[in-house]
1. Quick one: check the C-alpha center-to-center distance for the range 170-240 versus the range 74-130, whole angstrom.
2. What dipole magnitude, in Debye to the nearest 20, does the chain give about its Cα centre under +1 on Lys/Arg Cβ and -1 on Asp/Glu Cβ?
3. I want the local charge near Ala189. Using Cβ-Cβ distances under 9 Å, sum +1 for each Lys or Arg and -1 for each Asp or Glu among the other residues.
4. Relative contact order for the range 5-142 using alpha-carbon pairs under 8 Å, separation at least 6, rounded to a whole percent?
5. List the residues whose amide H sits under 5 Å from the amide H of Ile124, counting only those 5 or more places along or on another chain, with H placed 1.01 Å from N in the peptide plane.
6. Among the chymotrypsin sites (Phe, Trp or Tyr not before Pro) within the range 74-179, which fall in a DSSP loop and have no more than 12 other Cβ atoms within 10 Å of their own Cβ?
7. Do you know the relative contact order of the chain, to the nearest whole percent, from alpha carbon pairs under 8 angstrom that are 6+ apart?
8. Could you pull the Cα extents of the range 124-174 along its three principal axes, largest to smallest, in whole Å?
Amino acid sequence: MNMLRSILFLLFLLSYTPPYAIACLIAFPFLSTDGRYRMVQGWTGAVIWVARALCGIRYRFIGMENAEAMREKPVIVLSKHQSAWETIAFVSYMPKPLCYVFKRELLYVPFFGWALGLLRMVHINRADGKNAYASVVRQGKERLSEGAWIIFFPEGTRTRTGTKGKYKTGGSRLAVDTDVWVLPVAHNAGRCWPRNRLRKTPGLITVSIGPAISSTGRTPDSLMDEVETWIEREMRTIDPDAYSATNTDKTTASIQ
């Protein structure tokens, strides 16, 4: 039954996303940046609603008061990354517009990438080598000054439930260079929406937002160490069953 529901959900995405993207391409030239973002929220909200109604993927946010307290401040969000669910859901539920940092190649993905290109995000041209980060800083400062929050997934790629990847310092470097606050986020979305799998599993996703961390006077490494420590410890609180003895051994060194 779960597989059938997952297939129906995929069919919904395949039938709903292209016409919605075309509608965005038509409407975006006539909309402000905020208007474009709200239109994208229409798509993300629908996807999360259908995932709940059809696949039984429920969710709850804890610590949202930590995000609300930073509403009027420039913020860089540093989040755990396990699935596509958080990439979609955060657009709908974070209190400020989010600016994702992504590789430029995504702009060439039909429909999705074309619409993405009309939003004011931060894209990286990896072919630029050392100049790529300078471009991120320039774009990041512009987006922060416009009132958006920037989001990074420090592990870079989606990780399996109960494991972690290497936390990279790109987000903390930008936070230090722009002297803005960092908001750590832990979640267990991979429980219900595993990476690279068609089958979705009914259940409750918990998203935990931690207290904001100041980047003033910090080094990128020390700041990311603090973020990593909070996220990985919080993961054991919200999803303790995922951390078996084997998985514990993989992450102990980084959180002691």
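1. When both Cα centres are located, 16 Å separates them.
2. Using Cβ point charges on Lys, Arg, Asp and Glu, the chain gives about 740 debye.
3. Net charge around Ala189: +1.
4. Computed over the range 5-142, the figure is 28 percent.
5. Phe102, Lys103, Arg104
6. Passing both the DSSP loop test and the Cβ count: no residue.
7. Once normalised by length, the contact order is 25 percent.
8. Ordered largest first, the range 124-174 gives principal extents of 36, 28, 15 Å.
Where a number appears in this text, it was derived from the coordinates with a stated rule and is not lab data. Nothing here was measured: the structure is a model prediction, and the numbers come from that model. Every residue, glycine as well, gets a Cβ built from its backbone with ideal geometry; the counts of neighbours run over all protein chains shown.
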